[in-house]
Each structure stands twice: as structure tokens, then as C-alpha cells.
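No value in this document is a laboratory result; all are computed from the given coordinates. Being a predicted model, the structure only gives us computed values, none of them experimental. As a convention, Cβ positions derive from the backbone with ideal geometry for all residues, glycine included, and neighbour counts pool all protein chains shown.
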Ligand SMILES: O=C(O)CCC(=O)C(=O)O
Ligand SMILES: [Fe+2]
């Protein structure tokens with residue numbers, strides 16, 4: 001884990017001790033402290049930094065975010081406790097069949113994080129082709145994204161077996177997506193944690209609105225009552241390193257998130273990678289950083305801000321927010337040093353993503369200030385959150 005002590009540009013240097021150094025990570029780091037207690041100018045600085053990071057990379061480490069270390073430690077303790085339960089107990093709260101309800105326990109292999117990416121970025125087509133393709137493929141059939149990148153009509157497959165187990169929790173007041181409870185105190189804690197995360201999410205949405213140049217800091221918050229968010233406890237069980245090296249199993253394949261933003265908490269298990277914004281198909285490590293959460297832009301925020309993907313982006317970059325592909329795979333040390341000893345096992349990894357989504361009937365259309373001329377007209381038709389989620393969910397659960 002990075003022992004990261006670097007500062008964001010907005011933080012006065014005098015508040016840092018002499019031996020603080022900048023991290024070598026290509027993923028930017030933003031400190032929210034001055035967002036919470038700084039002057040209007042400080043807040044603007046933090047907002048611009050955060051937005052710029054989301055524009056350049058789509059992923060950013062956020063420090064001083066407001067979820068305390070103790071609360072996070074407790075969240076991971078509960079997650080571990082939950083996944084340590086015998087399978088029969090976990091199966092008392094199974095993820096319902098089909099794609100309409102996304103709650104409860106998903107056992108390893110249930111979720112197929114599969115994304116077919118046409119280089120022309122046509123999402124409708126991506127989803128349709130995923131539907132007719134065999135999503136029951138269990139082992140990795142992945143083609144290099146980079147190889148096919150410049151060929152808009154050739155589908156880029158990423159069908160992978162997701163070897164994680166997860167537990168999805170929503171708001172207890174959202175009738176469309178009822179929680180699937182299991183008889184454990186863990187769920188009482190996670191509900192409180194869910195709403196604490198939402199408080200942080202609202203601040204991040206405010207900063208992004210300001211950073212984008214919207215007059216109304218609450219613009220995004222108005223579409224987010226919090227009811228439609230999702231807290232996911234994730235466990236990647238131990239896996240033979242050799243299988244990961246050979247690509248027979250992937251912990252989680254490359255995908256983008258569907259919502260507005262995701263806040264991700266990781267334990268110190270490495271392996272999360274993010275697509276390098278300057279090199280399609282090339283991934284960089286998003287190593288866990290002490291005390292920082294990772295914020296990433298989801299598809300809906302990308303659509304709001306009119307960011308186009310892939311091939312178009314190379315022609316003309318509208319310079320807005322980017323929903324970046326990411327995956328979970330081998331940690332850097334194992335990649336670099338290879339594996340000796342066939343039976344080497346990679347340890348469990350736990351993570352807790354909090355997916356922030358607008359309310360289901362919210363119409364997500366290009367913001368007026370992000371469509372500022374002939375070269376930057378709206379690229380996506382307006383779509384409601386529920387339509388978009390339905391489209392994306394069709395390939396994910398079988
Ligand atoms: O486990 C992680 O670090 C990433 C999880 C993730 O990307 C997801 O659940 O969408
Ligand atoms: Fe994700």
C-alpha cells in the first residue's frame with residue numbers, strides 16, 4: 001500500500017512536513033480538507049482539481065473524505081464476517097434471478113462482468129451484441145483491446161468469469177429494489193454506512209458541479225435522493241496465482257461503472273487497475289492508498305458531461321468527464337517478478353464500492369455548458385437512469 005503523504009495543489013505547502021513526497025501514481029490525488037473548511041477560493045480550487053482529475057483520468061484518490069478510519073475498519077470487519085459465513089447461510093439471501101433486482105448475495109461466477117466495446121462507442125449496439133452472445137462463458141476469452149482499437153466495426157470482447165462473491169445493499173426505503181436480508185447484524189451496520197457514504201458522495205457531486213462551471217452547486221445533488229445508490233461488499237477468494245498469470249481466471253474483468261460516480265474503498269489487497277487514458281488497452285495500477293478512497297466517474301456522469309469515448313475522442317477531445325475501464329487482476333509485484341511454485345495462492349481481497357446513481361426517472365442529457373458548438377454537440381440521446389441501468393444489466397446476470 002502507498003504510504004501516501006503528498007498534497008493536492010490546493011493545500012498550502014506549509015501544512016506539510018518536510019519529508020512528504022509526491023507519489024508516483026499516475027492517478028491524481030485530491031485532498032478534500034479545504035473543500036470542507038476552506039474559503040470560497042479554496043473550495044473552487046479543490047473543485048477544479050477534482051474535476052480536472054475526472055477529466056484526465058476518470059479516477060482520482062480522495063483524501064480527507066470524511067469517512068473515518070474507524071468506520072471503514074468496521075465496514076471491512078463486517079464484510080469479512082459476512083463472507084466467512086457458511087455458504088448455506090449466505091444462500092439465505094441469494095441475488096434474485098433476472099436483472100430487475102440487484103440485491104443480496106452473488107456467489108462466485110454468478111456475475112458476468114462482460115462488456116463488448118465497439119470502438120465507435122455505440123452503446124446500444126454493445127448491449128445488443130452482448131445479449132446475443134453467450135454470456136454463460138465461464139472462462140476468460142479476452143482479446144486485446146489495444147489490437148482492435150482503431151477498427152470501429154470490430155467488437156472488442158471482454159467476457160470473463162468473475163471470481164468474486166458480493167453482497168449488494170440498497171436503501172431500505174426503495175420499493176423497486178428491496179433489500180434481501182440475511183439474519184446478521186452486518187446489515188444494520190451497512191445501512192448506517194450506506195447513508196454516511198451518501199453524505200460524502202453529495203459533497204463530491206457538489207465539487208464536481210462547481211468544477212464543471214455550473215452555477216448551481218447542488219445541480220447533481222438534486223437528482224440524487226440517495227435511494228438509488230448501492231453499497232457492494234466484495235470478496236475475491238484466494239486463487240491460484242498461476243491461473244491468474246495464464247489468464248484462466250480473472251478477478252474482475254474490465255468494465256466501466258453505470259452510475260454517476262463510484263466511491264471505492266479497498267483493503268490493502270492490490271490488483272485494481274485502471275485503463276491508462278493515454279494508451280488504450282494499457283492498464284495502470286490503482287494501488288490502495290492509506291486513508292484515501294478512490295472516486296471514479298460512471299457512465300451517466302460521462303453522458304451528462306458529454307464525454308465521448310475511444311475513437312471519437314482521438315478525433316476531437318471535448319475534454320469533459322470520463323468513465324474509465326477498470327479491472328481487478330494480478331498485483332504488480334507478482335506481475336513483475338513472475339511466479340515460482342505452482343501452488344502459490346493469492347490471498348483474499350476485500351473491497352467496498354459505493355455506487356452513486358440518480359433517481360430512476362432522472363433524465364440524463366447533455367449539460368448545456370458541455371455542448372458548446374458544432375464540434376461538441378450532444379453525443380448521447382437523453383436517457384433515464386432506469387432505462388440505462390436496464391440496458392447495462394441485460395448482460396450482467398444470468
Ligand atoms: O474490487 C475493486 O477494487 C473494484 C470493484 C469494481 O470495480 C466494481 O465492483 O464495479
Ligand atoms: Fe467497477
*Compare the peptides 220-231, 274-285, 50-61 by average per-residue count of other Cβ atoms within 10 angstrom and give them in order, highest first.*
50-61, 220-231, 274-285
_Relative compactness, segment 168-261, computed as alpha-carbon Rg over 2.2 N^0.38 Å_ = 1.43
*Gap separating the Cα centres of segment 50-69 and segment 212-247, nearest whole Å*: 13
*Using Cα pairs closer than 8 Å and at least 6 residues apart in sequence, work out the relative contact order for segment 236-297, in percent.*
32
